[in-house]
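Written below as structure tokens is the structure these notes are about.
The values are calculated or read from the model by the stated rules, or taken from the named source; none is laboratory data. This structure is a prediction, so every number in the text was calculated from the model and none was measured. A quick note on method: Cβ atoms are made from the backbone with ideal geometry, for glycine too, and the neighbour counts reach across all protein chains shown. To get the accessible areas, we keep the full protein, side chains included, count just its heavy atoms, and leave off ligands, DNA and RNA. Shrake-Rupley method; radii C 1.70, N 1.55, O 1.52, S 1.80 Å.
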Amino acid sequence: MSAHLNATAHTLAASLFTFQTTDYIVFTFMLSISAAIGVYFGFFAKGADTTDEYLMGGKRMKTLPIAISLVASQLSAISIMTIPAEMFAFGFNWFFNVASMLVVIPLLNYVIIPVFYNNNITNCYEYLELRFNRANRKLQTFIFVLTLFFMLPIFIFLPSLAFAQVTGYNVHIINAIVCSICVFYTMIGGIKAVVWTDVVQASIMVVSVVLVGIMGAQRLGGLGEVLRIAGEGGRLKVNYTFNHTERSTFWNVYSSAVIAWTSYVGLNQSCVQRIVSLPSLAKARRALVLFGLGFVIIMSFNCFTGIVMYARYHDCDPLAQGLVSKLDKMVPYFVQDIIGHLTGMPGVFISCVFSAALSTLSASINSLGGIVYFDYIKPHIHHTEHKANVIMKLFVFFSGVYCIFGGIIVEKFASILQIVYSIGGVSFGSVCGVFLLGMLVPRVHGRAALAGVIGSITCMSVIVVASWGRNHYPTMPTSVDNCPGLNATLATTTSALARLNATIKVEAVKDSGFNILDMSFNWYAVLGMCITWLVAVTLSYVLKPASDAKLDPKLLSPIIQSFVQYEPTPLEELADLKAEKQEEKIKA
């Protein structure tokens, strides 16, 4: 691309895609609301100074706010920024990530969550200690902390990147300011502040995502025209191939999404903490159904935005022109293009992206503080409720500081979505695998389960590290043929990009034999879970359980409890007899 073309591109970007005064006001107002909610619950509606109040709101939370909070925290900035970009560059297959909720919600409602309620479990990793042994709990807690250690800077950096794209401010300064606000309301307001800021932030997200998708389609002539252009460009084609090297197919996206969302929603403490804060299982199930509906609706609009984005730029790609430096910056560019002329709307959308990030970050660091305190600090100090709350709040503060400095590393990543699924791929499979083993396979004991998790984590870590930088996925074709005034120069660029994509494709398939390092990152969670089950189930027939190991049927999922033969001990029979007599007295 010539120097003149570069200058023209940057001039256009500077003139068209900037924040106005109204946008700054809207953005500041959103952050002020979040901070005000923290102040309210921290000082004016303050509950008892206990860990139960700080982490679970005294188990008095309401169904609808919890459902909205779950939706908000799953719709992270990663979803808002990268999913439309994924649909733009790689096509429709990612939508099956959304469709996986048809399996995930029943799995959570009837297999997993009843076990937590039936055993009065508020820390999901406590289940592993009860079902297997303490070593399994410690390992999964460590995996949770380590995974969040890598993910937290990504959660908040992406919206800062979007803000920098439309304002020109230094991304790290923005990152520091917004992290500070999130830490403030999470630290002083606890889970109540997290949930109610999520409610406000979710409303902003819904308005923004729906508005951008609808206005983008109208700008192009309606839904029919969008689908026609997308169909001609191959963006609506579903890939059913079983090639393990393909980035996104129906099979790898759907199967990995079922495992990943089951792990993240039902077996991740940041979500379980909110689910079990509801007073009954029935309300928890209702909240999860509402969450599933909200998630599917908003994420479907989010995917649709990516298809609209392709229809808008299919013959004048801003990436090829140099107007956008990387794929993850396409969404803020598109938003400014579509609704930038409406006063305050760019500010609303950037507020949407930040809302998504804040909801995920606040829930994560709140639960992380509780996990670190109860599993790593409490056993070594004299515990008091006040001391526990102070320590957890300090941990929230230092987590925010870490996120600020972690953004310096995240800035160097090429594909945020691929990074996220690579990190999650190491742990999601083993997490889902070990919990489902405990709930569905009575024969598996603690030693076998521990070996399965260690085997899975070891194998997946080797695969992810060894394949780092090896796999490059060519994007689906776009054009610059209809860019006004730039056709002559960009024709050369287009052909060069085509040649580059062809070269990448050749490199990707140059080894015609099977190589597990060429496997798509979308298979990582599936492979991790398969390794966990294969090793654990096999070793449960080889290794003897610990001498003190004893299966409590209540720790199994209700769907298989009736199939398990179990003889109660004399003490348990006595307890049941006392309970029956007590019921008879009440009836009399």
Checked the range 220-256 for anything under 26 Å from the mean Cα position of the chain (by Cα) and part of a helix (DSSP H, G or I); matches are Phe250, Trp251, Asn252, Val253, Tyr254, Ser255, Ser256
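Here's the yes/no breakdown for (1) among the charged types (D, E, K, R); (2) assigned to a helix (DSSP H, G or I); (3) at pLDDT below 70; (4) surrounded by fewer than 22 Cβ atoms within 10 Å (Cβ to Cβ):
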residue: Val444; (1), (2), (3), (4): no, no, no, no
residue: Gly452; (1), (2), (3), (4): no, yes, no, no
residue: Ser461; (1), (2), (3), (4): no, yes, no, yes
residue: Thr475; (1), (2), (3), (4): no, no, no, yes
Would you pick out the residues in the range 257-277 that are farther than 30 Å from Leu236 by Cα and either assigned to a helix (DSSP H, G or I) or at pLDDT below 85 (or both)?
Gly266, Asn268, Gln269, Ser270, Cys271, Val272, Gln273, Arg274, Ile275, Val276, Ser277
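Kindly indicate the residue of the range 537-552 that is of a type in the set (Gly, Ala, Ser) and in contact (Cβ under 8 Å) with a residue 60 or more places away in the chain and also most open to solvent (accessible area, probe 1.4 Å) among those meeting that condition.
Ala549
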Could you tell me whether the range 334-354 includes any residue that is open to solvent by less than 30 Å² (accessible area, probe 1.4 Å), among the hydroxyl-bearing types (Ser, Thr, Tyr) and more than 27 Å from Thr197 (Cα to Cα)?
no
Quick test for you: out of Ser422, Ser399, Ser430, pick the one residue that is among the hydroxyl-bearing types (Ser, Thr, Tyr), assigned to a helix (DSSP H, G or I), at pLDDT 85 or above and within 19 Å of the chain's Cα centre (by Cα).
Ser430
Within the range 463-473, considering residues that are surrounded by fewer than 17 Cβ atoms within 10 Å (Cβ to Cβ) and among the small types (Gly, Ala, Ser), the one nearest to Lys237 (Cα to Cα):
Gly469
Scan the range 320-346 residue by residue and report those that are part of a helix (DSSP H, G or I), under 18 Å from Thr305 (Cα atoms), of a type outside the set (A, V, I, L, M) and touching a Ser or Thr at 6+ places or on another chain (Cβ under 9 Å).
Asp328, Phe334, Gln336, Pro346
So, Gly38, is that one within 23 Å of Ile204 (Cα to Cα) and at pLDDT below 80 or not?
yes
